[in-house]
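Student: The structure follows.
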């Protein structure tokens, strides 16, 4: 069975489900290692507010940081490489650094497919010297539900990046509630594969990416470099 894929970004007349506040959902010292594969280490931790398990992954991706960021910002191009995504589109674009997207994810029969409407924003964490992509679901009364699809909730999601020589260090944290009738034990079992699958696919795509880096992202990356 395939795991649930995710990712990225509306405001119109919407209200936010939850903004990214790590301490609201996780204990910083509560992570337990699940597995290490191909240089990617995945950790898990039960959320403070539910039986859903969150996951964290650490890796060094063999691709320049410019390529990684350009690949992630190419919303419509995501369908070409991200696992199990059948539709990815921009609902509203605020800037090079901020947008709202719609994602539809394929799940095998008899489970219904999952879709998501998410807010995403790239920011600079000057204290910790990371570029951070925040992503979380927002309530949307305008964008329609797809037929035979359940709307999942990305409760918390971050991708933290910094340079590692010519490569890119990444720290990924994710808490997703797929909603619907899937049993919690199955959700937790399937989702532990997601960080590995996503990062491997991102690395493979970014290595060959020819997508130009947007000016706003380059400006933020230059600020990160100035902190080193």
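The values are calculated or read from the model by the stated rules, or taken from the named source; none is laboratory data. A quick note: this is a predicted structure, and the numbers were derived from the prediction, not measured. Using ideal geometry, Cβ is built from the backbone for each residue, glycine included, and neighbour counts are taken over all protein chains shown.
Student: Mind listing whichever residues of region 137-148 are crowded, with 18+ Cβ neighbours inside 10 Å and assigned to a strand (DSSP E or B)?
Tutor: Scanning region 137-148 gives 137, 138.
Student: From the set of residues in region 190-215 that are farther than 14 Å from residue 65 by Cα and in contact with a strand residue (DSSP E or B) (Cβ under 9 Å, 6 or more places away or on another chain), which is surrounded by the most Cβ atoms within 10 Å (Cβ to Cβ)?
Tutor: As a first pass, look at region 190-215 and keep what is farther than 14 Å from residue 65 by Cα: 190-198, 200-201, 215.
If we keep only those that are in contact with a strand residue (DSSP E or B) (Cβ under 9 Å, 6 or more places away or on another chain) too, we end up with 191-196, 198, 200.
Details: 191: 22, 192: 18, 193: 19, 194: 22, 195: 25, 196: 23, 198: 23, 200: 17.
Here the residue is 195.
Student: Tally up the residues in region 124-138 that are farther than 15 Å from residue 68 by Cα and in contact with a helix residue (DSSP H, G or I) (Cβ under 8 Å, 6 or more places away or on another chain), please.
Tutor: Matching residues across region 124-138 total 3.
Student: Also, I was wondering about something else. Could you list, in sequence order, all residues of region 154-168 that are surrounded by fewer than 22 Cβ atoms within 10 Å (Cβ to Cβ) and modelled with pLDDT under 90?
Tutor: If the condition is that a residue be surrounded by fewer than 22 Cβ atoms within 10 Å (Cβ to Cβ) and modelled with pLDDT under 90, then 155 is the only one that fits.
Student: Name the residue, out of 134, 106, 113, that is within 27 Å of residue 29 (Cβ to Cβ), surrounded by fewer than 23 Cβ atoms within 10 Å (Cβ to Cβ) and in contact with a strand residue (DSSP E or B) (Cβ under 6 Å, 6 or more places away or on another chain).
Tutor: When all the criteria are applied, what remains is 134.
Student: Considering only residues that are in contact with a strand residue (DSSP E or B) (Cβ under 7 Å, 6 or more places away or on another chain) and surrounded by 21 or more Cβ atoms within 10 Å (Cβ to Cβ), which ones fall in region 70-83?
Tutor: 72, 75, 78
Student: Would you mention how many residues in region 78-106 are more than 18 Å from residue 214 (Cβ to Cβ) and under 15 Å from the mean Cα position of the chain (by Cα)?
Tutor: Qualifying residue count, region 78-106: 10.
Student: Only one of 148, 140 is closer than 23 Å to residue 187 by Cα and touching a strand residue (DSSP E or B) at 6+ places or on another chain (Cβ under 9 Å); which?
Tutor: From the options 148, 140, the qualifying one is 148.
Student: Also, I was wondering about something else. Got a number for residues in region 176-209 being modelled with pLDDT of 90 or more and in contact with a helix residue (DSSP H, G or I) (Cβ under 9 Å, 6 or more places away or on another chain)?
Tutor: Looking only at that region, the number is 7.
Student: Would you confirm whether or not region 24-38 contains a residue that is in contact with a strand residue (DSSP E or B) (Cβ under 9 Å, 6 or more places away or on another chain), over 24 Å from residue 178 (Cα atoms) and surrounded by fewer than 17 Cβ atoms within 10 Å (Cβ to Cβ)?
Tutor: Within region 24-38 (the criterion being in contact with a strand residue (DSSP E or B) (Cβ under 9 Å, 6 or more places away or on another chain), over 24 Å from residue 178 (Cα atoms) and surrounded by fewer than 17 Cβ atoms within 10 Å (Cβ to Cβ)), the answer is yes, since at least one residue qualifies.
Student: Next up: Only one of these conditions is not met by residue 63: (1) closer than 24 Å to residue 166 by Cβ; (2) out of contact with any helix residue (DSSP H, G or I) (no Cβ under 6 Å at 6 or more places or on another chain); (3) crowded, with 17+ Cβ neighbours inside 10 Å. Which number is it?
Tutor: (2)
Student: Looking only at region 86-96, how many residues end up being surrounded by fewer than 18 Cβ atoms within 10 Å (Cβ to Cβ) and touching a strand residue (DSSP E or B) at 6+ places or on another chain (Cβ under 6 Å)?
Tutor: Residues that pass the stated criteria total 6.
Student: Among the residues of region 37-73, which ones are closer than 18 Å to residue 196 by Cβ and assigned to a loop (DSSP other than H, G, I, E, B)?
Tutor: 38, 39, 62, 63
Student: Looking at (1) closer than 24 Å to residue 57 by Cβ; (2) at pLDDT 95 or above, which one does residue 226 not meet, given that it meets all the others?
Tutor: For residue 226, the failing item is (1).
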